[in-house]
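A short worksheet on the structure shown next.
Rule-based calculations on the coordinates, nothing more; no lab input. Computed from a predicted structure; not experimentally measured.
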Amino acid sequence: MVVGHFFKLKVAIFIIKQGRVRTKTVKKAARVIIEKYYTRLTFDFHTNKRICEEVAIIPSKKLRNKIAGFATHLMRRIQRGPVRGISIKLQEEERERRDNFVPEVSELAQEVIEVDSDTRDLLREMNVMDDITNLQVVQPIENFRGAIGGRQ
């Protein structure tokens, strides 16, 4: 009779947690709440959860939390820049102010305008050289990194 030895193998099991799919209902509700109540919302989920509860009639706690979570996510994205699908008055005013910006001193009103030879040739081809008299041609600065990857 043969007696076999069985070894218990310790195997590390990695559970991959998948992301959740947000439904159209959650996304649309969060966008509408942000557009109407942008000034009241914050970057904190728990505060936004209470605000969503006050301003909207949401049938379940689970749905309220999903909407508040996505609203918080969008608020953080709005902080970094404009978000597609949300038009906020503050965002539109900021964009309008940026578009209408007029510098106090024109770049052409300087005593000497430094350009490289390629820019000078471009201006010459556009027949603009006669209008600008204060051009000075300088050598471009080479951006030398050295070894591959830029480290030495």
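Structural remarks
- Residue-wise HN-Hα coupling along segment 45-57, computed from phi with Karplus coefficients 6.51, -1.76, 1.60 (Hz; x: Gly, Pro): 4, 5, 5, 5, 4, 5, 5, 4, 5, 6, 8, 10, 9
- The Cα-based radius of gyration and maximum Cα-Cα distance (Dmax) for segment 12-100 are 15.3, 60 Å.
- Exceeding the 22 Å Cα-Cα cut-off - candidates K62/K89; K28/K62; K66/K89: K62/K89; K66/K89
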